[in-house]
Structure formats: C-alpha cells, structure tokens
1. How many residues are without any contact (Cβ under 8 Å) to a residue 24 or more places away in the chain and either in contact with a strand residue (DSSP E or B) (Cβ under 7 Å, 6 or more places away or on another chain) or among the aromatic types (Phe, Trp, Tyr) (or both) when one looks only at segment 299-349?
2. Counting only residues that are more than 16 Å from the ligand (Cβ to nearest atom) and closer than 18 Å to residue 261 by Cα, which one in segment 409-446 is surrounded by the most Cβ atoms within 10 Å (Cβ to Cβ)?
3. Please go through segment 147-189 and give me each residue that is assigned to a loop (DSSP other than H, G, I, E, B) and within 23 Å of residue 31 (Cα to Cα), ordered by number.
4. Restricting the search to segment 52-102, which residues are more than 20 Å from residue 330 (Cα to Cα), under 23 Å from the mean Cα position of the chain (by Cα) and either outside any loop (DSSP other than H, G, I, E, B) or at pLDDT below 95 (or both)?
5. When you scan segment 284-306, do you find a residue that is assigned to a helix (DSSP H, G or I), of a type outside the set (A, V, I, L, M, F, W, C) and buried (at least 20 other Cβ atoms within 10 Å of the Cβ), even just one?
6. Just one of (1) within 16 Å of the ligand (Cβ to nearest atom); (2) more than 21 Å from residue 216 (Cβ to Cβ); (3) modelled with pLDDT of 95 or more trips up residue 387, so point out which.
7. Which members of segment 1-36 meet the condition of being among the charged types (D, E, K, R) and in contact (Cβ under 8 Å) with a residue 24 or more places away in the chain?
8. Take the conditions more than 16 Å from the ligand (Cβ to nearest atom) and under 16 Å from the mean Cα position of the chain (by Cα) and apply them to residue 161. Does it pass?
Amino acid sequence: MLLNQLTILKASKGLKNKEFSSLELTQAVFDEIKKSDGAIHAYLSLNEEGALARAGEIDKKIAANESLPILAGVPVAIKDNILIEGLRCTAGSKILENYVAPYDASVIKKLKEAGAVFLGKTNMDEFAMGSSTENSAFGPTKNPCDLERVPGGSSGGSVAAVAANEAIYALGSDTGGSIRQPASFCGVVGLKPTYGAVSRFGLMAMASSFDQIGPVAKNVEDCRVIFEAIKGKDLLDSTSINLSTSDVDTTSDVKNLKIGIPKEYFAKGIDAEVEEAVKQAIKKLQDAGAKVEEVSLPHSEYALACYYIIMASEVSANLARYDGIKYGYSAINDSLFSVKNLLDNYLKTRQHGFGAEVRRRIMLGTYSLSSGYYDAYYLKAQKVRALIKKDFDEAFEKVDVILTPTSPTPAFKIGEKIEDPVKMYLSDVYTVPINLAGVPALSMPCGLVGRLPVGLQIIGPQFGEELIFEAGLALEQLLD
Ligand code: GLN
C-alpha cells in the first residue's frame, strides 16, 4: 500500500515504529496531489513548505522517542473557511480572494498541539452555500469516483481530497449537510457533531445556530480519533460545551443496539437503488442481532423549508461584515469601477464580490427578517424547528440510533442542478433536519450504484457520538 493511502491509525503506527518518516508520508501525499489535483481540484492553496518543515520537526521528536498524540506527523487538509494563521482563507469567495488569516481557529490550535501537518486549504461552495462545490468562485471540484460528477458540497474539496488519497484526513463544516452529503457522494466517512461539541471560533460563520466543524476520514475509527482531538469547551465560543456522554449508554455489542427507521425518509423522491443499498445494510445489522423498528419523525416534510428560512436569515446577518471596508475585496480598488461614495462602494463591492447563490440567500434572509414578514416567516420557522427537535427527542426515547440514507440520490452530473436552486436544495432533504435538531450524525459508505457510492446516515441523540461510532464500526465489519 502506498503511504498516502493509509488511514490515520496505520500512518500513526508506521510513524511510531519508524517504518517511515512524517517527511516521507507528507511527501507521498504531495506527490499524489501533484499527480491528481489538476483533474480533481480539491485544493485552493497548498502549504507545502510549511507542511514539510513541520513534518521534519515531528520526525525529530519521534527520533528522540518522545511520546506523541496519534495525529502527530499525519497530514490533514482543511476546508477554506477555517482559519490557519498566516495562510490565505477565501471561503471560496472572490470577496476574500486575498484575505490572510490573522489567527488560528480553535480546532487548528488543538490540531497543532496534536502535531498535525497542514497540507493546504480545500475548495468549497462560496461561504459553504451549496451542495455541489459548483458555487466556488474558483471553479468546481470533481468527484474522484467519476470526474463528470460533483463531489457534493459544500465541503467538496475536503471530501474529494480524502477520497482521492490527497490527504489522510480532513476537516469540513456542516450547516445543513455539507460534510455528510459529500462524504456519501465520494464514499468516505464524515461526522456532523452535536451542536456545541466542537468550537466554532475561527470558522467563518454561515448560519451560526447550525454550523459545526467535523471530521472527514477513510473509516469510522479515524473519524472518532479526529473528533476526540477537536471536541470540547472553548472559552472563545460560548455555545461550546464539554460533552457529557455519561447520560448516553453505549454498547459495543450489536445485539443490544436498538435501531429506528423513520418511515418519512423512505417516501417519494428517493432513488430506488439508493433505497435498496440502505435497506440491505440495515438488514445486515438486523441479521447480526440488532433490533430494528419503525419510528416516525412527523414534521420531516417541513424541515427543508424551515431550514432555508432560518439559515438564510442568519446568513444575511453574518455576511453583513463583508462590506468592502473591513475585509478583502473592495470595489474602490478595482479598476473596473468608478466608485462615487461610501454607499456606492458597499453596493458595488457586494454585488461583484459575492456570487449569485450568496446574494440570493442574503436577499431571502433580509426579507424574512424585515418588519411585517418576521412573524410570518422567521418566527414561524423557529416554531417548526422546535417541533422537529421534539420529533427526534421522542424517537430517541425508543431507539439508540436512527438510520436513513444520507442523500436521496448518488452524485449527480456537474451542471445538472446548478440552474435550479430548488432541485439543488432537495439534495439536503435528509441532512438538514439533523442540524435543525442539533443532534450528531455520521455518513458512511454502504454500497454502490454502478460505481457511485451510496451513503448511510447514522443519527444519534445529543452527545451520542459514541453510540454512532459503535454502530458505524459494527456495520463496517458486517459490510467488509
Ligand atoms: N447544502 C446546504 C446549503 O446549501 C448545506 C450547506 C452546509 O452544510 N454548509 O445550505
């Protein structure tokens, strides 16, 4: 096996046993990037010099027999909306094309302490708005399983990098499915943690009541290792908390696992072959002794509408900061424009600095928050959100985990949905309810439609990450 194909656990073991060095491992990953990334375009910028220097430092520590964390010396790709001090951070937007991060995100600080080697920053839909990575201002990423297809989005670059062995693992962000849906399209594992489990400090805000940073990895165990390294209370993010797993019983025996299947998720709109692959995987767990029962999440049909109102409202507030004064691109410095006054600069900067999807959401969100519409849209959506959360609370009184498809279809063709926003939004139908409820969920591969991977979503109760990992590990073995 080539070094760049290793999992975190194998890479870490090899480093520890001095079978290879971090420098060799990192170089092998950059070799693959140079070979493949011209076609895939997972990365927006590389940190080759920094990464090799850091790998060399870790190698010295290994040579001195220092005891190091699992992630030490293992190369990672970071989504381009997470700040790494001194590196460019664009969020896939022209408005931040030349923005250099002045500090580290809290997750980056943690990874630095763990000895991580940062390969570079990965492509994404502009400000994480999208499901295909086609909304990047810097061109789309391609799905490594089929270059004519999208990798999913918005963390398409992070996921494609891991799937193409251009990284050992990656970080993405998930506001409505942006880690899980691409993980399902590219055949890797991705976790959206419980809201508050991982600090958002240094993540460029999209919709703050949904956003979470999470891991992308080649298997479930790696995902767990990364989650352990990045989770925890951070004084710089008042919504972060220390996970208290003591209230959640875990089980390492499939026979004790109670699995819920929500009937609303196997209704119209789902691709027949996706449904079949997911049901086969569930059957395998059932045959191994897990108890499977139908549950109901009755407000599911309102989730997408509810998400697109609240998310857009938060987007419109969060993106007000990009005004051509505080950060990045400003029309006043653009020779294409003659700017008349301050207001004119605001207008031209935002009109030309943001892409169409971002402007669409800012307008929708501004509308839902404006006086006269606030009660009818924003407030109503918040009430529906509470009902959706209640659906999950009630289901988790009966079962340990809930299993669903991650996405109703496998990866679609580049260009297939980009002209029709509603069609694009529908690819999030199974992932957004999880962000509305704030619960954790993981996507893992469970089969193929032709050569396209199908993702299975394992949803857990709040703080139920361990339960999810146990179920995922069990299923991984059964699918082997
Ligand atoms: N695809 C969804 C959207 O466009 C989710 C995005 C995300 O999770 N960042 O809103």
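The values are calculated or read from the model by the stated rules, or taken from the named source; none is laboratory data. All values derive from a computational prediction rather than experimental measurement. Every residue, glycine among them, receives a Cβ derived from its backbone with ideal geometry; neighbour counts consider all protein chains shown.
1. Selection size over segment 299-349: 2.
2. 444
3. Within segment 147-189, the first condition is being assigned to a loop (DSSP other than H, G, I, E, B), and the residues that meet it are 147-148, 150-155, 164-168, 175-179, 187-188.
Matches in segment 147-189: 147, 151, 155, 164, 165, 166, 167, 168, 187, 188.
4. Listed by number, the residues that qualify are 75, 76, 77, 78, 79, 82.
5. First, the residues of segment 284-306 that are assigned to a helix (DSSP H, G or I): 284-287, 300-306.
Cutting the leftovers down to of a type outside the set (A, V, I, L, M, F, W, C) gives us 284, 286-287, 300-302.
Subsequent filtering for residues that are buried (at least 20 other Cβ atoms within 10 Å of the Cβ) retains 300.
Yes; the residues of segment 284-306 include at least one that is assigned to a helix (DSSP H, G or I), of a type outside the set (A, V, I, L, M, F, W, C) and buried (at least 20 other Cβ atoms within 10 Å of the Cβ).
6. It is condition (1) that residue 387 fails.
7. Narrowing segment 1-36 to residues among the charged types (D, E, K, R): 10, 13, 16, 18-19, 24, 31-32, 34-35.
Passing the criteria: 16, 18, 31, 32.
8. Numbers: more than 16 Å from the ligand (Cβ to nearest atom): yes; under 16 Å from the mean Cα position of the chain (by Cα): yes.
Against the criterion (more than 16 Å from the ligand (Cβ to nearest atom) and under 16 Å from the mean Cα position of the chain (by Cα)), residue 161 qualifies.
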